[in-house]
Amino acid sequence: MTARTTDLAAALNEYTPQTDAEARDVARLRALVAEGDPWSRSSPLHVTGSAVVVHPETARVLLRWHERMQSWLQVGGHADIGEVHPFDIALREAREETGLPDLTAWPDPARPLLIHVAIVPVPAGRGEPSHEHGDVRYLLATSRPADLIPESRSAEVRWFTLNDALRTVPQDSTRETIERVAQMPQLMRSTARSRA
C-alpha cells in the first residue's frame, strides 16, 4: 500500500455499508485501492470525493447544478495532485464550488462523517469516454448560508429544504444520500422546530 492509498483504504475499512449494493461498491473500491492508483482519471473507475452541505439551523441542504449530468447533485470532484484523503478532496471541492468560507465536518467537526459510498456512471463528454466515479460522500455544514458564491454561471448552487431536495434530485444514489441526511437526528430536530 502506498501513501496515495493508505488514507482511502482506512476510510473504506472503517466504513460500514448500509445496503447490499453499497457493500458491492465498497468492495470494488477496495479492489481498486489494492491495484494501485485509485485517483487516476485515466482509469475507467476512479475515486472522487463529495459532500452534502447542510445548514443545520434551517435543515436545508445545498445542491449544485451539474451541466454534464443535467441534474442537481451534491458538490464534489476529483483529487488534485498530492491529495490522498477523500474528505480533504470533498472539503476543497465544496469550498471551490460554493465559496462558503466556514465549511466544516458535521455533526462533529473533529470526526468527518462518511455518509455514503456509491459508484456512479458518468457519460462521455469533454473529450472523456464514459466512465465511473467511486464517490466517497461526506457531510459538511455552514453557519453562513448567505455567503454562497457559485464557482461559475453554469454551476448554479441553491439551498433546498430536505423535502424539496428529495423531490429534485435524480432517482439514484444521490437520492439515497439525501435520504440518509434527512434521517440525521440533528436535522430532524431542526425540521420539527421550523414547523412549530
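Values for this structure:
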| item | result |
| --- | --- |
| Nearest-ten-degree value, helix 86-98 long axis tilted from longest Cα axis of the chain | 50 |
| Relative contact order [Cα under 8 Å, 6+ residues apart], the chain, whole percent | 25 |
| Mean ellipticity per residue at 222 nm, deg cm²/dmol - from DSSP H runs of n ≥ 4 across the chain, formula -39500 (n - 2.57) | -11000 deg cm²/dmol |
| Residue-by-residue Karplus 3J(HN,Hα) for the range 8-17, coefficients 6.51, -1.76, 1.60, Hz, glycine and proline x | 5, 4, 5, 4, 5, 5, 7, 8, 10, x |
| Highest-fluctuation residue, Val33, Val75, Val54 considered, GNM on the chain with Cα pairs under 10 Å | Val33 |
| ³J(HN,Hα), Karplus 6.51/-1.76/1.60, whole Hz, each residue of the range 124-135, x for Gly, Pro | 4, x, 6, x, 9, x, 4, 7, 10, 9, x, 8 |
| Pairwise FRET efficiency - Ala27 versus Leu148, Cβ, R0 = 30 Å, nearest 0.05 | 0.25 |
| Accessible area per residue, Å², the chain with all protein chains present, probe 1.4 Å | 50 |
| Convex hull volume per residue in cubic angstrom - Cα atoms of the range 51-101 | 86 |
| Overall dimensions of the range 51-196 as given by Cα atoms, namely Rg and Dmax in Å | 14.7, 51 |
| Calculated FRET value between His78 and Arg180, using beta carbons and R₀ = 35 Å, to 0.05 | 0.90 |
| Calculated from backbone phi, Karplus (6.51, -1.76, 1.60) coupling profile of the range 107-113 in Hz, x at Gly/Pro | x, 10, x, 8, 9, x, 9 |
| Sequence-distant residues sharing a close amide H with Ile119 (under 5 Å, placed H) | Asp135 |
| Among His85, His133, His66, residue whose mean-square fluctuation peaks in a GNM of the chain (springs only between Cα atoms under 10 Å) | His66 |
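The values are calculated or read from the model by the stated rules, or taken from the named source; none is laboratory data. Every value quoted in this text rests on a predicted model; they were computed, and no experiment measured them. All Cβ positions, even for glycine, are placed from backbone atoms using ideal geometry, and neighbour counts span all protein chains on display. Heads up: the accessible areas ignore ligands, DNA and RNA and are worked out on the full protein's heavy atoms, side chains in. Shrake-Rupley method; radii C 1.70, N 1.55, O 1.52, S 1.80 Å.
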